[in-house]
Amino acid sequence: MNNRNRRWLPALIGIGMLALAASPALFAQTHPAPLGAFEGHGDVGTVLHAGSAKYDAASGTYTVTGSGENMWFGADDFQFVWKKVQGDVAISANIAFMGDKGNNHRKAVLMIRQSLDANSPSVDIARHGDGLTSLQFRAAAGDNTHEVQSNVVAPTRVRLEKRRDFFYAFVAGKDGKLQPAGASTKLALNGEFYVGIGVSAHDKDATETAAFSNVKVETLTASDKKPVLWSTLETVPIASGDRRVAYVARAHFEAPNWSRDGSFFLFNQDGGIYRMAVSGGEPARIPTGPNVQCNNDHGMSPDGTMLAVSDSTQLKKSQVYTLPIGGGAPKQITANAPSYWHGWSPDGQTLAFTGQRGDNFDIYSISVNGGEEKRLTTAPGLDDGPEYSPDGQWIYFNSERTGQMQIWRMHADGSDQEHVITSETNDWFPHISPDGKWMVYLSYEKGVSGHPGDKDVTLNLMSMADKKVKVLAKLFGGQGTINVPSWSPDSAKVAFVSYEYLVDGARE
């Protein structure tokens, strides 16, 4: 991400190793003296200018000054004010930078980390100088840092909660009320760990100062309240893996489509199809006539003028319909049920869908005008998630014919069915980028059957050129995360849904 992903390596040649080692500003200086609610403070990582921390008991404000090149990649450089804790905890604060100059990526953070080592596993909510606010996390010592960016800029207050191995971020807008940011991650910490506040200048030659007011460090206890589901629509650039929240709500929604012109998302919720601008705002329900039981298998025509939905209003079993993208009277396409739409041929003439006929789920195609369906797969077990390649020559799908769900492909007429990639995971819903260079798919751990919700899953990215795979995102989700095509039209990003279960209650 621009220059904030560069790390400074001190030049040792010509300045003398011994003199460098003797310079206290280049090494962590930990001060155990209590500072307000905290036990100590000091510089973590490599800094040229020693940081400092002060506490004003009258106002309850901590003023923290820190230097350091960054808090990113495999190590952090910053001033940290900390206390040791165990179990489930939360930390909240109002954060304000002192002065309006400095690097836009300077960071003031609420942090939980395993140790004071620069490369320690950690989770923080970072308020940047330009207002960007992110949940940042390093899963293991020395791993690269990743983030989920909030869609709230310059929140008035932030909060970080650790509940068992899950971490949740909260942000407050102009009304001052903390709400889920939609950013979360899973990370196991052992025994005692550190919770605190910190500042990094994002400039090895500078120092930056931030004020933390109304700071609260709390021990969290188990609640007898039933957790409530929150859903988050996220996007992730394939180049960086830095996720961003587009929309979060106390609701259950699923399966985002990205419009052909890149301007809006579609997703399903409570039997309806909703449209929301990529730039933000509230979603609006698309009129679908009598079809009010739409599920998470929906998508747009290649020219962006039509919408395919899978709806069970008529037979209580899913059937495929089409309608104008802005809403209108649905046209029934499949007579048999259940049928679940998944793909639209690039020429706009054919739909691919999954259908159960008898005891077997197979992949079928049908004219966009309806008529006779054509069976494309006959293997025992479930075949699902058919999607056309951009050139229309192939249909990619997932199949359990080997005894484990894997990614396959076949020609559009069903011929030459072949295994695309072999893995140890259970892989679902292959989606090919518009430029044909990439495939993203969802993976469950080995041993998980079907594609249930409420599971730890990964979004994997495969290069179509050499079949090399990397993890694009790890999240809590599964069913509803990425059932349908969700690439941005420029092939640069993918949209998906993650989930959180949070206990309702006052958060300050």
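The numbers here are math on the coordinates, done by the rules we state, and not lab data. Since the model is a prediction, treat every value here as computed from it, not as a measurement. Positions of Cβ are backbone-derived with ideal geometry, glycine not excepted, and every protein chain shown enters the neighbour counts.
What the table below lists for this structure:
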{"quantity": "Sequence ranges 174-185, 71-82, 362-373, ranked by mean other-Cβ count within 10 angstrom, highest first", "calculated": "71-82, 174-185, 362-373"}
{"quantity": "C-alpha center-to-center spacing [the stretch 328-393, the stretch 400-451] in angstrom", "calculated": "17"}
{"quantity": "Inter-label distance for ALA249 and ALA506, nm, one decimal - labels placed 7 Å from Cα along Cα-to-Cβ", "calculated": "2.9"}
{"quantity": "Cα radius of gyration and Dmax for the stretch 293-489 (Å)", "calculated": "15.7, 45"}
{"quantity": "Linear extension gain, GLN356 paired with ASP175, 0.36 nm per residue minus alpha-carbon span", "calculated": "60.1 nm"}
{"quantity": "Pair SER213, LYS225: separation of 7 Å Cα→Cβ label points (nm)", "calculated": "2.8"}
{"quantity": "Option label - Rg and Dmax of the Cα atoms in Å computed here, alternatives (1) 26.8, 109; (2) 25.3, 82; (3) 25.5, 90", "calculated": "(2)"}
{"quantity": "Extension gain, ALA284 back to GLU192 (0.36 nm per residue minus Cα-Cα distance, nm)", "calculated": "28.4 nm"}
{"quantity": "Extension reserve of the ALA239-LEU116 stretch, reckoned as 0.36 nm per residue once the Cα distance is removed", "calculated": "41.2 nm"}
{"quantity": "FRET E, pair MET464, SER59, Förster distance 60 Å, beta-carbon r, rounded to 0.05", "calculated": "0.55"}
{"quantity": "Globularity index of the stretch 2-219, i.e. its alpha-carbon radius of gyration over 2.2 N^0.38 Å", "calculated": "0.95"}
{"quantity": "Pair THR422, THR402: separation of 7 Å Cα→Cβ label points (nm)", "calculated": "0.6"}
{"quantity": "For the stretch 196-318, alpha-carbon Rg over 2.2 N^0.38 Å", "calculated": "1.53"}
{"quantity": "Convex hull volume of the stretch 62-110 per residue (C-alpha atoms, cubic angstrom)", "calculated": "114"}
{"quantity": "Too-long pairs where the Cα-Cα distance tops 26 Å, listed order kept, from LYS316/LYS474; LYS226/LYS493; LYS225/LYS317; LYS177/LYS474; LYS317/LYS374; LYS54/LYS474", "calculated": "LYS316/LYS474; LYS226/LYS493; LYS225/LYS317; LYS177/LYS474; LYS54/LYS474"}
{"quantity": "Cross-link reach list, lysines versus LYS204, counting only Cα pairs under 20 Å and skipping chain neighbours closer than eight places", "calculated": "LYS101, LYS107"}
{"quantity": "Estimated FRET transfer efficiency when R0 is 45 angstrom, pair ASP413-GLU445 (beta carbons, to 0.05)", "calculated": "0.85"}
{"quantity": "Cα gyration tensor, the stretch 176-243 - rounded (a/c under 1.5), prolate or oblate", "calculated": "oblate"}
{"quantity": "Rounded, prolate or oblate (a/c below 1.5 giving rounded, otherwise prolate when a/b exceeds b/c) for the stretch 379-459 by Cα gyration tensor", "calculated": "oblate"}
{"quantity": "Per-residue [θ]222 nm for the chain (sum of -39500 (n - 2.57) over DSSP H runs n ≥ 4, rounded to 500)", "calculated": "0 deg cm²/dmol"}
